[in-house]
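Before any comments, here is the structure.
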Amino acid sequence: MTNSPADEPYVTGTDDGAAPALAPEVEAAIAQVREDVAKLHGELVRYGLVVWTGGNVSGRVPGADLFVIKPSGVSYGELAAENMILCDLDGNVIPGTPGSERSPSSDTAAHAYVYRNMPEVGGVVHTHSTFAVAWAARGEEIPCVITAMADEFGGPIPVGPFAIIGDDSIGRGIVDTLTGHRSRAVLMQNHGPFTIGASPKDAVKAAVMVEDVARSVHLAREAGPLIPIPQEAIDALYDRYQNTSGQAEDARRGGAADRSGEAR
Ligand SMILES: O=C(CO)[C@@H](O)[C@@H](O)COP(=O)(O)O
């Protein structure tokens, strides 16, 4: 009895550099993630989170040990599904696949480390958004003093260790800081925010919200002392928001939708 395509082990590469043979459902999933990740980079620009090419979005391919990430240093206006880069969970570019002729994002190793060590994560984002970077430059966590933080992050936004780009250091700092933590954002010291999410869109939302709360709390503290929110109120706000805000089909709530609300 021959195995169905779905039973076939994933072929990560071929000797002649041709694209690997993939099950049809994996091919379809890859195509969807390529489209979503390419489109979501426009949200980084729309919300003012990046200058030049100073940020990146990636998305895990459901059902495969693969993820999609942008090419390094390519203007956001040029990004499209077909020039996103398909990688395995070690951060190796899958040869022969669309976009594989270019180098992946500088942060590919960090994204790959998160995907290997946090199986629940479906998307990873990195930006240099101004106010979040300012808190990172001070190595200071953002205290939970506004209900929007309690809702979205369930408490303070933590700081991760100083780590140099280029190996697993940043990824390890992200995972060590966020594992078991409610926050989907970490301020890597002297660098900037990395966010995770149930989907690429959920991770982009966290990137948008971390910059918003970083700005608000910065301005508040400049004007006077901050008023902490009692922990029981933080817990209640977080529980409500995580379980009733948005729609049941949102990825964050365990659903499959995350393409402008479309189920898939
Ligand atoms: O933060 C850094 C470099 O320090 C990078 O994430 C940023 O410049 C974006 O690089 P990529 O264009 O994703 O390679």
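The values are calculated or read from the model by the stated rules, or taken from the named source; none is laboratory data. A quick note: this is a predicted structure, and the numbers were derived from the prediction, not measured. All Cβ positions, glycine included, derive from the backbone under ideal geometry; neighbour counts span all protein chains shown. The accessibility values were calculated without ligands, DNA or RNA, using every heavy atom of the protein model including side chains. Shrake-Rupley method; radii C 1.70, N 1.55, O 1.52, S 1.80 Å.
Taking the Cα atoms only, what angle lies between the long axis of helix 200-223 and the longest principal axis of the chain, rounded to 10 degrees?
20 degrees
Once a ≥ b ≥ c are taken as the square roots of the eigenvalues of the Cα gyration tensor of region 160-200, is the result rounded (a/c under 1.5), prolate (a/b larger than b/c) or oblate (a/b not larger than b/c)? Please list the in-between numbers first.
Details: a/c = 1.71, a/b = 1.62, b/c = 1.06.
Prolate.
Specify whether the C-alpha gyration tensor of region 140-248 places it in the rounded, prolate or oblate class, a ≥ b ≥ c being the square roots of the eigenvalues: rounded for a/c under 1.5, otherwise prolate if a/b is larger than b/c and oblate if not.
Details: a/c = 1.91, a/b = 1.24, b/c = 1.55.
In terms of gyration-tensor shape, oblate.
Peptides 33-41, 123-131, 169-177: what's the order by average Cβ count within 10 Å, highest mean first?
Working: 33-41: 23.0, 123-131: 25.4, 169-177: 21.1.
Per-residue Cβ counts within 10 Å, averaged per peptide and sorted highest first, yield 123-131, 33-41, 169-177.
How large is the convex hull of the C-alpha atoms of the chain per residue, in Å³?
On the way: hull volume 33.7 nm³, N = 264.
Here the figure is 128 Å³ per residue.
When only the heavy atoms of the protein chains count and the probe is 1.4 Å, how do 205, 70 rank by accessible area, highest first?
In descending accessible area the options line up as 205, 70.
Please give the helix 24-46 orientation as an angle from the longest Cα principal axis of the chain, in degrees from 0 to 90, rounded to the nearest 10.
Between helix and principal axis, roughly 40 degrees.
So, with +1 on the Cβ of K and R and -1 on the Cβ of D and E, and no other charges, what is the size of the charge dipole of the chain about its Cα centre, to the nearest 20 debye?
Values: 20 positive and 35 negative charges, 160 e Å.
I would put it at about 760 debye.
Using a probe radius of 1.4 Å on heavy atoms only, what accessible surface per residue do you get for region 125-264? Whole Å² is fine. Spell out each step's value before the answer.
Values: 6110 Å² over 140 residues.
With all protein chains present, region 125-264 gives 44 Å² per residue.
What part of the accessible area of region 135-227, given as a whole %, is carbon or sulfur when the probe is 1.4 angstrom? Before the final figure, lay out the partial values.
Numbers: 2010 of 3560 Å².
Result for region 135-227: 56 percent of the exposed heavy-atom area is carbon or sulfur.
Can you sort 45, 93 by 1.4 Å-probe accessible area, starting with the largest?
Details: 45 80, 93 45 Å².
Of 45, 93, the descending order of accessible area is 45, 93.
Suppose every K and R has +1 on its Cβ and every D and E has -1 on its Cβ; what is the size of the dipole of region 169-230 about the Cα centre, in Debye to the nearest 20? Could you put the intermediate results ahead of the total?
Details: 7 positive and 5 negative charges, 24 e Å.
Dipole size: approximately 120 debye.
How much mean residue ellipticity at 222 nm does the chain get from its helices, if each DSSP H run of length 4 or more adds -39500 (n - 2.57) and you divide by all residues, to the nearest 500 deg cm²/dmol? Walk me through the numbers on the way to the answer.
Values: 7 runs with 96 residues, N = 264.
Mean residue ellipticity, 222 nm, calculated: -11500 deg cm²/dmol.
Taking square-rooted eigenvalues a ≥ b ≥ c of the alpha carbon gyration tensor, is region 123-202 rounded, prolate or oblate, where a/c under 1.5 means rounded and, failing that, a/b exceeding b/c means prolate?
Values: a/c = 1.64, a/b = 1.23, b/c = 1.33.
Here region 123-202 falls in the oblate category.
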